[in-house]
Amino acid sequence: GAGVSQSPRYKVAKRGQDVALRCDPISGHVSLFWYQQALGQGPEFLTYFQNEAQLDKSGLPSDRFFAERPEGSVSTLKIQRTQQEDSAVYLCASSLDRMPGRSSGRGYTFGSGTRLTVV
Amino acid sequence: AQSVTQPDIHITVSEGASLELRCNYSYGATPYLFWYVQSPGQGLQLLLKYFSGDTLVQGIKGFEAEFKRSQSSFNLRKPSVHWSDAAEYFCAVSTNAGKSTFGDGTTLTVKP
């Protein structure tokens, strides 16, 4: 498709349940980022992939969070044993560039996000 | 560590009036600075970015921003606001690899 697609758009999980959030980047995009956006706050970095390699996972808040991109395209963010504090919008962004932050880079495109509510 | 502060949580302006949204950053190296806009239920759309060179940057939708190194600021401006500009605006600073740190956003309300 023309944009970054995230599914589901909305997810309600009971506390303790495992969830999986999917990101379909733009075809051919090398870099993929996950961000977590809590209500009333800006997005916070979770993790970054270049193709299938997870180059930075420093933002993952706990070992309950796990992300993968096994074939260098679709990515899944998995949250185990969800807690109420995990409630947020999870944003995915992808870029054609290996270094999208560079001045010559084309930046990245964000998906519309998955809103996770843990009850 | 890099950080971004957007001092104004909420701003209200009348349609046709000028707009300035403030952004202050903290970053050890040359900053790569961005402004994004987010409408309800949508992802982030890039308005403009600054890497080097001319400190006045032009973006989409008639927005511009000025980088002031001495003030560690990157304020967003628009000479005449339209009702469709009502949204949330985020300032961000990025590393070379594209990992961004965002401010907490400023919500813009436009009065008719």
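Things worth noting here:
- Each peptide in A:42-51, A:59-68, B:6-15, A:82-91 gets a packing score, the mean of other Cβ atoms within 10 Å over its residues, and the list from highest to lowest is A:42-51, A:82-91, A:59-68, B:6-15.
- Rel. contact order, % - alpha carbon contacts under 8 angstrom, at least six apart, chain B: 38 percent
- Accessible area buried, both sides summed, chains B and A with 1.4 Å probe, Å²: 1700 Å²
- Debye log10 I(q)/I(0) for the range A:5-118, one point scatterer per Cα, at q = 0.11, 0.12, 0.18, 0.21 Å⁻¹: -0.32, -0.38, -0.84, -1.13
- Carbon + sulfur, % of accessible area of chain A - ligands and nucleic acids excluded, 1.4 Å: 46 percent
- For chain B, a simple Cβ point-charge model (Lys and Arg +1, Asp and Glu -1, everything else neutral) yields a dipole of about 180 debye relative to the Cα centre.
- Rounded to the nearest 20, the size of the Cβ-charge dipole of the protein assembly as shown about its Cα centre is 200 debye, with Lys and Arg at +1 and Asp and Glu at -1.
- Alpha-carbon Debye profile of the protein assembly as shown, log10 I(q)/I(0) at 0.09, 0.10, 0.14 Å⁻¹: -0.37, -0.45, -0.88
- Among the trypsin sites (Lys or Arg not before Pro) found in the range A:1-39, those both in a DSSP coil and sparsely packed, with 14 or fewer other Cβ atoms within 10 Å of their Cβ, are A:Arg9, A:Lys14, A:Arg15.
- Relative to the Cα centre, the charge distribution of the range A:5-118, modelled as +1 at Lys and Arg Cβ and -1 at Asp and Glu Cβ, gives a dipole magnitude of about 260 debye.
- By the equivalent-ellipsoid construction on the alpha carbon gyration tensor, the range B:3-111 comes out with semi-axes of 22, 15, 12 Å, ordered largest to smallest.
- Residue-wise HN-Hα couplings along the range A:26-40, as the Karplus relation 6.51 cos²θ - 1.76 cosθ + 1.60 with θ = phi - 60° gives them from phi, are 5, 4, x, 6, 7, 9, 9, 10, 10, 10, 10, 10, 6, 4, x Hz; Gly and Pro carry x.
- Relative contact order (%) - chain A, alpha-carbon pairs under 8 angstrom, separation at least six: 35 percent
- Portion, in percent, of the accessible area of the range B:3-111 that falls on carbon or sulfur, probe 1.4 Å: 48 percent
- Between B:Tyr36, A:Ala2, A:Ala67, the Cα set farthest toward the positive side of the dipole of the protein assembly as shown (charges on each charged residue's Cβ, about the Cα centre) is that of A:Ala67.
- Taking all protein chains into account, the per residue accessible area for chain A stands at 48 Å² (1.4 Å probe).
The values are calculated or read from the model by the stated rules, or taken from the named source; none is laboratory data. Every value quoted in this text rests on a predicted model; they were computed, and no experiment measured them. Quick reminder, even Gly has a Cβ in these numbers, built from the backbone with ideal geometry, and neighbours come from all protein chains shown. Note: accessible area is taken over every heavy atom of the protein model, side chains too, but ligands, DNA and RNA are not part of it. Shrake-Rupley method; radii C 1.70, N 1.55, O 1.52, S 1.80 Å.
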